[in-house]
1. Go through region 219-252 and count every residue that is closer than 24 Å to PHE298 by Cα and surrounded by 20 or more Cβ atoms within 10 Å (Cβ to Cβ).
2. Which one is nearest to ALA288 (Cα to Cα) among residues in region 197-218 that are of a type in the set (Lys, Arg) and surrounded by 13 or more Cβ atoms within 10 Å (Cβ to Cβ)?
3. When you check PHE295 against the structure, is it touching a residue at least 24 places away in the same chain (Cβ under 8 Å) and surrounded by fewer than 20 Cβ atoms within 10 Å (Cβ to Cβ), yes or no?
4. When you go through (1) farther than 24 Å from ARG195 by Cβ; (2) modelled with pLDDT under 95; (3) polar (S, T, N, Q) one by one for SER244, which number turns out not to apply?
5. In this structure, does VAL283 turn out to be in contact (Cβ under 8 Å) with a residue 40 or more places away in the chain, in contact with a strand residue (DSSP E or B) (Cβ under 7 Å, 6 or more places away or on another chain) and either more than 19 Å from GLU211 (Cβ to Cβ) or not in a strand (DSSP E or B) (or both)?
6. Return the only residue of ARG330, ARG290 being crowded, with 18+ Cβ neighbours inside 10 Å, touching a residue at least 40 places away in the same chain (Cβ under 8 Å), of a type in the set (Lys, Arg) and assigned by TED's automatic domain parsing to the domain that holds LYS218.
7. Starting from residues that are surrounded by 15 or more Cβ atoms within 10 Å (Cβ to Cβ) and not in a helix (DSSP H, G or I), keep the ones in region 168-196 and report whichever is farthest from the chain's Cα centre (by Cα).
8. Regarding PHE66, is this residue part of a strand (DSSP E or B) and modelled with pLDDT of 90 or more?
Amino acid sequence: MYSGIDVKVFRSVDEIGKDAIDSIADDPFFTFGWFRTLETQKAYEVSPIYLAVYNESKVVGFVPLFIELIEPNSKDLFSVLLNLGHRIGFCQNRVLTCYSPLCFRSKILLSHGQEEKRILKLVSKKIDAICREQKILVSSFSFVSEFDRLLIENMQNYGYRKRLGVTEFYLDVQWSSFGEYLKSLKHKTREHVRREIRKCRESGVIIEESELVDLTAKLSELYTNLSLKYDKQARKIIDSYFFSMLNMYAGEKTKLFIAKKNGEVIGFSLSLRHRDVLDVMMVGFDYAMRTNTDFSYFNLCYYAPINYAIESGVKKIYYRFLEDKIKLDRGCRLERTFGLVKYHNKLLRGLIGYAVK
């Protein structure tokens with residue numbers, strides 16, 4: 001039993017509990033199943049520290065933190081200073097980041113009706129203590145949404161500096177049918193969408209829903225194809241074991257669409273859903289089997305998830321960043337993020353401030 005409001009530190013979400021986390025989560029990448037999946041991974045290493053905020057014996061807040069290594073980089077002053085400090089035993093060459101891995105969002109979860117600013121102060125003090133105990137010089141909330149007024153307006157009171165981050169895209173789902181969605185688009189885009197759906201069908205590609213458990217090895221293969229297409233040196237960090245664990249711990253939150261041609265799976269899009277939020281997180285393709293005129297990418301990533309969202313009550317779809325025009329043409333909006341960074345050392349703060357100037 002805990003008395004009053006208190007912040008406790010845990011190393012696994014199992015110690016906090018699925019219901020406790022998911023009951024206050026508003027995002028599929030901030031749920032028990034996602035973090036439990038990450039904890040099982042070996043190819044994608046994570047070092048989590050979870051803060052659970054208790055009011056008496058009830059969890060009313062949750063903050064995921066990850067200790068991340070800063071690789072040596074002679075062209076980056078911050079990396080040089082951190083790794084030099086690590087070599088002489090002054091500090092770790094790691095930072096403490098509040099976000100969700102493979103996602104570009106930072107947030108703290110709070111149940112309704114809580115004393116938000118009071119809890120934020122307690123969380124900030126706990127982060128300071130962790131950094132002090134582990135000789136970590138930098139903590140950050142790397143991807144805070146412009147709509148998160150609690151963090152944006154208050155973290156500077158605890159020594160955090162704000163800087164511009166990445167810009168995500170999201171779609172507000174406000175239509176009663178896919179046909180109504182099409183009518184909301186500009187005439188030229190609407191005709192493009194209809195053509196891409198028709199051409200996909202005429203090319204012999206079938207888009208259908210599938211179960212994650214049946215295709216774990218195939219999904220790893222197709223995702224690796226995508227990674228290597230854009231980076232020949234890419235490491236294979238998403239293997240079949242990852243998909244198996246995702247199915248085990250968050251299977252009910254996954255939505256998988258596959259593209260099949262001549263009975264073979266040639267592409268997929270995988271989304272995570274929690275409540276009324278859907279995130280199209282991952283795609284992959286067999287580039288030897290698909291063509292530029294079958295438009296399987298657009299059908300897998302946009303039209304199938306949008307149709308599903310409309311029919312199942314999803315209100316918001318995240319589409320990450322890149323391909324700005326494609327997303328904006330199809331109704332997406334911009335969501336800016338900001339990085340909130342704190343340097344837990346006066347000398348480092350001074351050097352970084354001087355370098356910025």
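1. Count: 5.
2. LYS218
3. On the way: touching a residue at least 24 places away in the same chain (Cβ under 8 Å): yes; surrounded by fewer than 20 Cβ atoms within 10 Å (Cβ to Cβ): no.
No.
4. Checking SER244 against (1) farther than 24 Å from ARG195 by Cβ; (2) modelled with pLDDT under 95; (3) polar (S, T, N, Q), the one that fails is (2).
5. On the way: in contact (Cβ under 8 Å) with a residue 40 or more places away in the chain: yes; in contact with a strand residue (DSSP E or B) (Cβ under 7 Å, 6 or more places away or on another chain): yes; either more than 19 Å from GLU211 (Cβ to Cβ) or not in a strand (DSSP E or B) (or both): no.
When the stated conditions are applied, VAL283 does not pass them.
6. On the way: ARG330 fails: assigned by TED's automatic domain parsing to the domain that holds LYS218.
Of ARG330, ARG290, the one residue that is crowded, with 18+ Cβ neighbours inside 10 Å, touching a residue at least 40 places away in the same chain (Cβ under 8 Å), of a type in the set (Lys, Arg) and assigned by TED's automatic domain parsing to the domain that holds LYS218 is ARG290.
7. LEU185
8. Working: part of a strand (DSSP E or B): yes; modelled with pLDDT of 90 or more: yes.
The answer is yes for PHE66.
The values are calculated or read from the model by the stated rules, or taken from the named source; none is laboratory data. Bear in mind that the values here come from a model prediction, so they are computed numbers and not experimental data. Here the Cβ is made from the backbone with ideal geometry for all residues, glycine too, and neighbour counts use every protein chain on show.
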